[in-house]
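Visitor: If you scroll down you'll find the structure; I have some questions about it.
The values are calculated or read from the model by the stated rules, or taken from the named source; none is laboratory data. All values derive from a computational prediction rather than experimental measurement. Counting neighbours? That spans all protein chains shown, and the Cβs are built from the backbone with ideal geometry, glycine included. For the accessible areas, the whole protein counts, side chains as well, though only heavy atoms, and no ligand, DNA or RNA atoms are used. Shrake-Rupley method; radii C 1.70, N 1.55, O 1.52, S 1.80 Å.
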Amino acid sequence: GARWDLLRADTRLRRHGVQRRRGPRRRAATGWDALTPAELTIARLVADGRPNPDIAASLFVSRRTVEVHVSHILAKLGVRSRVEIAREAAGRMELPSAV
């Protein structure tokens, strides 16, 4: 019945690059929990003060890929600059206990 029709439609649409979501979103929409593993890596490198070309070279990706990840990080964290990413990252780091 209907299940078979959905599977057939999915198969036909897949040829055109269209995929249907199959379940609830497992990741938060905003905040640090919303970042993908790649975005977390790039956020750490941005917080270290590394420019996009250096990040791209160290991760073997294009500069444009890094730019896209940084824009996603900015949107998900609700910040407007790389400096704010660094501030947010510093606030998330646990401070070492005094000895």
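Visitor: Along the charge dipole of the chain, which of LEU6, VAL83, SER71 sits closest to the positive end, that is, farthest toward it, with unit charges on the beta carbon of Lys, Arg, Asp and Glu (+1, +1, -1, -1)?
Guide: So the residue we want is LEU6.
Visitor: Using R₀ = 35 Å, calculate the FRET efficiency as 1/(1 + (r/R₀)^6) where r is the Cβ-Cβ separation of TRP4 and VAL68; round to 0.05. Provide the component values of the computation, followed by the final result.
Guide: Values: r = 38 Å, r/R0 = 1.08.
E(calc), rounded to 0.05, equals 0.40.
Visitor: So for each of 64-72, 7-15, 29-37 I average, over its residues, the number of other beta carbons within 10 Å; can you give me the resulting order with the highest mean first?
Guide: Ranked by mean Cβ neighbours within 10 Å, highest first: 64-72, 29-37, 7-15.
Visitor: Pop out the Kirkwood hydrodynamic radius of the range 1-59 from its pairwise C-alpha distances, inverse of mean 1/r, in Å to one decimal.
Guide: Hydrodynamic radius (Kirkwood, Cα only) of the range 1-59 equals 14.9 Å.
Visitor: A follow-up question, please. Using a 1.4 Å probe over the heavy atoms of the protein chains, calculate the carbon and sulfur portion of the accessible area of the chain as a whole percent.
Guide: Roughly 54 percent of what the probe reaches on the chain is carbon or sulfur.
Visitor: Another one. What's the local net charge at ARG20, with K and R +1, D and E -1, over the other residues with C-beta under 11 Å away?
Guide: Combined, the nearby Lys, Arg, Asp and Glu give +2.
Visitor: For the chain, what is the relative contact order in percent, using Cα pairs closer than 8 Å and at least 6 residues apart in sequence?
Guide: 28 percent
Visitor: Further, regarding this structure: Let's see if you can work this out: charge +1 on each Lys and Arg Cβ, -1 on each Asp and Glu Cβ, no other charges. What is the dipole magnitude of the range 53-93 about its Cα centre, in debye to the nearest 20?
Guide: Computed about the Cα centre, the dipole is about 80 debye.
Visitor: Could you tell me how many cubic angstrom of Cα convex hull volume the chain has per residue?
Guide: Details: hull volume 15.3 nm³, N = 99.
It is 155 Å³ per residue.
Visitor: Now a separate question. Note down the magnitude of the dipole of the chain about its Cα centre, charges +1 on Lys and Arg C-beta and -1 on Asp and Glu C-beta and zero elsewhere, to the nearest 20 debye.
Guide: Working: 20 positive and 10 negative charges, 158 e Å.
My answer is approximately 760 debye.
Visitor: Tell me the per residue accessible area of the chain using a 1.4 Å probe; a whole number in Å² is fine.
Guide: The answer is 78 Å² per residue.
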